[in-house]
Amino acid sequence: MTAIRKSGRYDAVIVGGGHNGLVCAAYLARAGRKVLVLERRHVLGGAAVTEELYPGFQFSVCSYVVSLFRPSIIRELELARHGLEIIPLETAFTPRLGDRGLCRWSDPARTRREISRFSPRDAEIHPEFSLAMTKMARYVRNLIDSPAPDPTSWNPVELWRLLRLGRELQRQGSDGVAMHLRLLTMSAVDFLDRWFESEVLKAPMSVSGIIGTFLGVRSPGTAYVLLHHYMGEIDGAFRSWGYSKGGTGGVSLACARAAESFGAEIRTESAVERIRVAAGRATGVVLANGDEIEAGTIVSSCDPRLTFLGLVGSKHLDGDFVRQIERYKLRGSSGKVNLAVDRLPRFPGREGSDFLRGDIAIAPGIDYLERAYDQAKYGEFSERPYINAVIPSIMDPSVAPPGQHVISMFVQYAPYDIKEGADNWPAKREAFGDAVVDTLAEYCPGLKESILYRQVLTPWDMEQEFGLSEGNIFHGELSLEQLLFQRPAAGWARYRTPIRNLWMCGSGTHPGGGLMGAPGQLAAQAMLNSNGKPSSG
Amino acid sequence: MTERYDIVVIGAGHNGLTAATLLAEKGRRVLVVEARDTVGGLAAGAEFHPGYRHAGILDDTRLVRPWVVDELGLDRFGLRRREPTDLLVPETGGQGLVLATTVKGSEGLSANDAESLAGYQAFLDRIAPGFAGLLDRPPIDLVDTGAGDLLRLGLAGLRLRRLGRHDLMEFLRVVPMPVADWLGEWFASDLLKAALAGPAIYSTYSGPRSPGTNANLLFSAARSEDPVAGGAPALIGAIERAARARGVEIRTGVAVTRLVIEAGRVRGIELAGGECVATGSVAASCDPRQLFLDLLPPAALALSLEAELLSFRTRGTAAKVHLALSGYPQFSSRPGRLFEQVRTGEALDELERAFDAAKYRRFSERPVLDIRFPSIETPELAPDGHHVASILVSFAPYELAGGWTESAREGLYRAVLAVLDEYAPGIERLIVGREVLTPADLAERYRLSQGHLFHGEHALDQLLIRPTPQCSKYATPLAGLYLCGSGSHPGGGLTCAPGALAAQAIRSNDM
Amino acid sequence: MPLPSPFHSRTSARCRSLLWKDWAGYHAVRSYRSCHEPEYFALRHAAGLIDVTPLFKYEVRGPDAAAFLAHVTVRDITRLSVGRVTYLCWCDGEGKVVDDGTVARLDEEHFRVTAAEPTLSWFERRTRGYRVTIEDSTPRLGALALQGPNSREILRRTTDADIDALKFFRVAQARLDGVEVFISRTGYTGDLGYEIWVEAAGSLTGAERVYDALEDAGRSFGLLPAGLDAMDVTRVEAGFIMNGVDYFSAHHCLTEMRKSSPYELGLGWTVKLERDPFVGQAALEREKRAGSRRAFVGLDVSWADLERVFAGYGLPPELSSTAWRDGRPVYDHDGRWIGQATSGAWSPTLKKNLALAQLESAFATPGEAVEIELTAEYRRHRIAATVIRAPFFNPPRKRA
């Protein structure tokens, strides 16, 4: 690895101690590089962080479930040895007013019985659907676990990769190819309409297509994310969705410990003010306190806008690239509301807490979800939003005092650009929090009385607190034109940047956001494989 | 039954007639059967009020492909192109825009937008050949790729690659985008963005914020030619003359009730009244859902094909309003001038809100209108000094909550009128007659599934695989049965390309 | 949790072993005592009463019901007369088996279909153009299988129907202890036997009355309640295949290799090709012409070889008394893999070690010598087996 030269004290400085930065650091350190990670906040983890916001309650402040964290990272970095414990989610509950709602269980037979209460046909087709999706997911995994193919390159290696991807696709037969095209281009609802009749099932299934996007469930291009639910089955990680024990920060901490075990150095409360560039090369970073640190390689795990327009500065970049980054869509669309409650929420029609050992989706219908989206389009938060809530303290009692609980709610839509302007979010923050609590309380009477503490995070807060531009949790929308070889910019999808010795390793690179760790891993591999040429990837 | 015809074409619309004409060679006997009393289908003009005729339900003749015109030899049958006319984009309390074919000829643009528009059109001009190339050739079968397909995929790739890496990247980036985002990258003016976005969402189940709508924009932009003089009826007239000159027999007023299938082969068609016409080949320009689901015995249809057809999306979202006017209305943005084309929608959000209604099975409270006055070019369509307005109304969903009752139809008309009155105050006083065609009316009158004017939605997935994987190259799993209408590649609109490409496919299959 | 069947009050009171399993979403008894053998011998020598409620049941009604069923299954159901039952399978569009079951014609326009898996949507997706309705009657119908040589005697004493006149694969309406039932002379044991279909509604339900009446009458005829373990041995003896064990529904197969055609499952005799189009017809015609890759056979596994292998470890042959259903590879003489045995059992009646297998077609001739894998003392062995015809057990009284 000649790209990371031994100049100054560090081979590589990584800007940002989120999970991708830490994964990248661990891989580089494991390969013998001298690595320094700089985190602005007092805690590690970035958006994958646990904080005790209220005495005795551990909150997964932003990211709240582990979804597609790459099993290869867990194995290669020995994260289990470094303290990572993942508790799989067992249920997916969709309450309905005046009804017991729908609960999907990890036991398929039980799920089938639940679905057949609403539609025997859907219950019958559900396994067929799962099978078809599993087939598709096997192919998509190839794309996630390797750098993005580049269809515009003449490089024989690239052409060969494309050909191989094409061949593999064809091997799935004509149905498989058609299904991939459809998954890529259709809306989640249109795609599900091909299979199912009951909205009780379709609505909660469709929302996986909109998480973190500024799209509705009827917007084309949202179908692909449906596959993510099936990735875990083939990942070797039995049931991919889970809680990290002690809170989501546990993932980051395990990565940090792994990195440290390989000799990486990690500093918190070390905000990077800018990346120093001289003659088209990154030479080091300047901290907020004025310190300067030199390194052969600088790696940014921040989002592309913050990296290039903030830390680097457009004067070091050519106009065309700046334009690409400027038009890169970040448009945050979600908020978080975290609650500490003194008792377990109660959902009429169901006893006990069996059905709460997973996530709770407030998604009572397609039109409901579309209305939520429509409000966001015109600059308002949804009065009746889609909510994905989890109560991790049921399965992991370590995060709350006995008998008390943490409720972590992901809320969509909360557009960054409200019509009053993003800076006016603080004035609307509590109104937004009220709307969320009111919504959940409709399904969960007594909720309001049980609340001990409430934290409301708007997209504006996420930008301020976590450095997520426009509060986008994925460092950029996962829309078709911002994926694969175009993430974050055409020609710059291989973790390199137009600045020599500056690399990217965050969610704004392929394969994108979510608690996957793949960008950090793939970026480290790219750096380690690079022959030092600063050309585009 | 003895075979009197080598091939029977179902439907005498622009695609059916095109296919029939191109098939009628080497002594092939071709019959076209049309259920309606006139030829032309959606391109046919009709009298909608005594003394007033419209010039086709589909009336954008700029889409007609030049190579099809050449193959049909339509210039010998009187087809002429003419200069495109200006488009008025009216504005409440403002002068609006006038868009001409050149930036220079346009009015009301800011200096910045004018410059951007030039850059935008230059980009479209650069990608047009490659893009049109994809659309003017048989579809590349992405699903069941044979050697020929691979070769053509490679060639298509090469043609696109000729764009240069930068434009190619840009092309790949912009195709799946929402039209709103892409236009937002170019322009500042809401009015301009809305005007350009309109055609990308007409007849779709999308608003400008829906991903994939940009493909529709590029589609029409990359294929825009000069319009046909005399409009759609002139186009139909020319093709009909070409067809008859080649010996095509055309029977109108005869509906096909079913196809006769034996052992997986087409043997003939049965007409209303019981008459059977024996033939070994049938090319259907009707919409594929109707063909397969209504004209075929259910058992003859493969399970997978039936499932595919049932999920082929044909949600009609456009209505058509025809007005008989005692004079040309005064548009207050540009009083005193006559525009053949007027397009409403002052901002992308207005278009988006218009679409929102469709999602909830309502028509737009403030619909978006694409208005043409064909009587300016063809005064014979109306009495002296009088005019005809032909209005494409978005959005009016086929599946309207409560159904398309008489009062729903009236409500839609009132909504259209309210928008018209805003831009052309007092227009109501000029209206001497009207016709409101809801998607339900279009479905019935023109035999369209859910009233969809393109025989199937233009969404990326349905453009790439049209209409189903098994039928995407005009041939169907039933021997001798072919598709040749808008439900096939490259889709709906007055391109005549599906008919011509189907004819190629049928000829090469050596009937 | 699995649901109780309409006979649950009775079966649960008698199930001392607490050996239950989830059968298609219902609680089902594996064996009433810790050893199922008495139940097996009751089925073969006296009579057994099995709760088969979990089978999926569909009522297909309408003027086109027969044409519809002929279209979705491999049999020409239009030729099935009223009062008759037939066994068949249905395929996907590529001619691969989706499920197998029976169809009974209850009257001109009313058929009852049984299936191992939910099939409502699959059937409904094909109804376009047919005047039929399909009702999932699984939740409202209880079903009991009364099987064994004494089953006729027991029914004679409990119903008003002319049981002697009820021929093999016929169905009749009857009253049993005053309760309206359908009785079909069908079953999954390969012996004389009946299945009784009863509405599950009511308080002291008709279902419970039927159960009690049969049990009372059966007391003098050696009737025992029997569970799935005993039935499993009998079905292997009878050579009946089972969905999910001997083959996988085409709907659940991730790969083509896993799917099976009717010909490959020994169900070729149910396929009637020359008729109006039906689902999978073209593919089945092709396969019929070209020949099938595989064939379904019975295997008689050599006892002598078994003894020899175990003797090598100083052990007597160890055989489970229950049927096995973990697939085992089958080889030719050169050790080349030629297919798999999918289930098998020691037959206490025939004193044979039997297996059902899918082999390459070339090995399907009765008498063909093959080898099957056997694990003894944690080590793998190949022992001799001979291809034989199923059913292995086929007493004349079954049809008499």
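The values are calculated or read from the model by the stated rules, or taken from the named source; none is laboratory data. What you see is a predicted model, and the numbers here were worked out from it, not measured in a lab. In this analysis, Cβ positions are derived from the backbone assuming ideal geometry, glycine residues included, and neighbour counts consider all displayed protein chains.
Right, B:Phe331: away from chain C (no Cβ under 14 Å) and touching a Ser or Thr at 6+ places or on another chain (Cβ under 7 Å) or not? So B:Phe331 does not fit the description; no. There is at least one residue in segment A:411-423 that is within 14 Å of chain B (Cβ to nearest Cβ), within 26 Å of A:Asp193 (Cβ to Cβ), of a type outside the set (A, V, I, L, M, F, W, C) and in contact with a strand residue (DSSP E or B) (Cβ under 9 Å, 6 or more places away or on another chain). Would you point out the residue of segment A:355-380, among those that are touching a helix residue (DSSP H, G or I) at 6+ places or on another chain (Cβ under 8 Å) and small (Gly, Ala, Ser), that is farthest from the other protein chains (Cβ to nearest Cβ)? The residue in question is A:Ala361. For segment B:227-247, a residue qualifies if it is more than 16 Å from the chain's Cα centre (by Cα) and either free of Cβ contacts under 8 Å to residues at least 24 places away in the same chain or within 25 Å of B:Phe454 (Cβ to Cβ) (or both), and the qualifying residues are B:Ala229, B:Gly230, B:Ala234, B:Gly237, B:Ala238, B:Ile239, B:Glu240, B:Ala242, B:Ala243, B:Arg244. Within segment A:320-354, the set of residues being among the hydrophobic types (A, V, I, L, M, F, W, C) and away from every other protein chain (no Cβ under 13 Å) comprises A:Val322, A:Val337, A:Leu339, A:Ala340, A:Val341, A:Leu344, A:Phe347.
Condition check ((1) more than 14 Å from chain C (Cβ to nearest Cβ); (2) surrounded by 17 or more Cβ atoms within 10 Å (Cβ to Cβ); (3) over 27 Å from A:Ile391 (Cα atoms)) across all residues:
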| position | (1), (2), (3) |
| --- | --- |
| A:Thr91 | yes, yes, no |
| A:Arg104 | yes, yes, no |
| A:Pro120 | no, yes, yes |
| A:Trp160 | yes, no, yes |
| A:Gly173 | no, no, yes |
| A:Gly176 | no, yes, yes |
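In segment C:63-77, the count of residues that are touching a residue at least 60 places away in the same chain (Cβ under 8 Å), within 17 Å of C:Gly187 (Cβ to Cβ) and within 23 Å of the chain's Cα centre (by Cα) is zero. The residues of segment A:180-195 that are surrounded by 22 or more Cβ atoms within 10 Å (Cβ to Cβ) and hydrophobic (A, V, I, L, M, F, W, C), listed by number, are A:Leu183, A:Met186, A:Ala188, A:Val189, A:Phe191, A:Leu192. Within the set B:Val368, B:Val436, B:Val416, B:Val388, the sole residue that is surrounded by fewer than 23 Cβ atoms within 10 Å (Cβ to Cβ) and under 25 Å from the mean Cα position of the chain (by Cα) turns out to be B:Val436. Filtered by the rule that a residue be within 15 Å of B:Ile10 (Cα to Cα) and in contact (Cβ under 8 Å) with a residue 40 or more places away in the chain, segment B:453-475 gives B:His455, B:Tyr474. In segment C:272-375, counting only strands (runs of 3 or more DSSP E) that sit wholly within it, the ones holding 3 or more residues that are crowded, with 19+ Cβ neighbours inside 10 Å span C:294-301, C:337-347, C:352-360.
Does segment A:247-258 include one or more residues that are assigned to a loop (DSSP other than H, G, I, E, B), surrounded by 24 or more Cβ atoms within 10 Å (Cβ to Cβ), in contact (Cβ under 8 Å) with a residue 12 or more places away in the chain and away from chain B (no Cβ under 14 Å)? The answer is yes; a qualifying residue exists.
With the requirement that a residue be within 13 Å of another protein chain (Cβ to nearest Cβ) and assigned to a loop (DSSP other than H, G, I, E, B), what does segment A:477-501 give you? Once the filter is applied, which keeps residues that are within 13 Å of another protein chain (Cβ to nearest Cβ) and assigned to a loop (DSSP other than H, G, I, E, B), segment A:477-501 yields A:Glu477, A:Leu478, A:Ser479, A:Leu483, A:Arg487, A:Pro488, A:Ala489, A:Ala490, A:Gly491, A:Trp492, A:Ala493. Looking across segment B:277-294 at every residue that is touching a Cys at 6+ places or on another chain (Cβ under 8 Å) and not polar (S, T, N, Q), the one that is modelled with the lowest pLDDT is identified as B:Pro288. Number of residues in segment C:162-205 that are under 16 Å from C:Met231 (Cα atoms), out of contact with any Lys or Arg (no Cβ under 7 Å at 6 or more places or on another chain) and surrounded by fewer than 22 Cβ atoms within 10 Å (Cβ to Cβ) equals 1. Within segment B:447-474, being hydrophobic (A, V, I, L, M, F, W, C), touching a Gly at 6+ places or on another chain (Cβ under 8 Å) and farther than 20 Å from A:Ser187 by Cβ holds for B:Leu448, B:Leu453. With the condition kept exactly as written, say whether any residue in segment A:96-109 is in a helix (DSSP H, G or I), of a type in the set (A, V, I, L, M), in contact with a strand residue (DSSP E or B) (Cβ under 9 Å, 6 or more places away or on another chain) and not assigned by TED's automatic domain parsing to the domain that holds A:Ala490. Within segment A:96-109 (the criterion being in a helix (DSSP H, G or I), of a type in the set (A, V, I, L, M), in contact with a strand residue (DSSP E or B) (Cβ under 9 Å, 6 or more places away or on another chain) and not assigned by TED's automatic domain parsing to the domain that holds A:Ala490), the answer is yes, since at least one residue qualifies.
Taken together, the residues in segment A:481-508 that are surrounded by fewer than 22 Cβ atoms within 10 Å (Cβ to Cβ) and farther than 20 Å from A:Val322 by Cβ amount to 2. Taken residue by residue, segment A:206-213 has at least one member that is at pLDDT 90 or above, of a type in the set (A, V, I, L, M) and in contact with a strand residue (DSSP E or B) (Cβ under 6 Å, 6 or more places away or on another chain). Scanning segment A:382-397 for residues that are assigned to a loop (DSSP other than H, G, I, E, B) and in contact (Cβ under 8 Å) with a residue 60 or more places away in the chain gives A:Met395, A:Asp396.
Taking the conditions (1) more than 11 Å from chain A (Cβ to nearest Cβ); (2) without any contact (Cβ under 8 Å) to a residue 60 or more places away in the chain; (3) surrounded by fewer than 18 Cβ atoms within 10 Å (Cβ to Cβ) in turn, B:Ala278 satisfies each one other than (2). Screening C:Arg275 with (1) more than 16 Å from C:Cys89 (Cα to Cα); (2) free of Cβ contacts under 8 Å to residues at least 24 places away in the same chain; (3) within 14 Å of another protein chain (Cβ to nearest Cβ) gives one miss only, at (2). Report yes if A:Met133 is buried (at least 19 other Cβ atoms within 10 Å of the Cβ), in a helix (DSSP H, G or I), touching a residue at least 24 places away in the same chain (Cβ under 8 Å) and away from chain B (no Cβ under 13 Å), otherwise no. Criteria met by A:Met133.
Across segment C:107-128, the qualifying residues are those that are assigned to a strand (DSSP E or B) and crowded, with 21+ Cβ neighbours inside 10 Å, and the one among them that is nearest to the other protein chains (Cβ to nearest Cβ) is C:Ala115. Residues that are without any contact (Cβ under 8 Å) to a residue 40 or more places away in the chain and not small (Gly, Ala, Ser) were ranked within segment C:186-215; the one that is nearest to C:Arg152 (Cα to Cα) is C:Arg209.
Within the bounds of segment A:279-298, is there any residue that is assigned to a helix (DSSP H, G or I) and not assigned by TED's automatic domain parsing to the domain that holds A:Leu440? Scanning segment A:279-298, I find no residue that is assigned to a helix (DSSP H, G or I) and not assigned by TED's automatic domain parsing to the domain that holds A:Leu440, so the answer is no.
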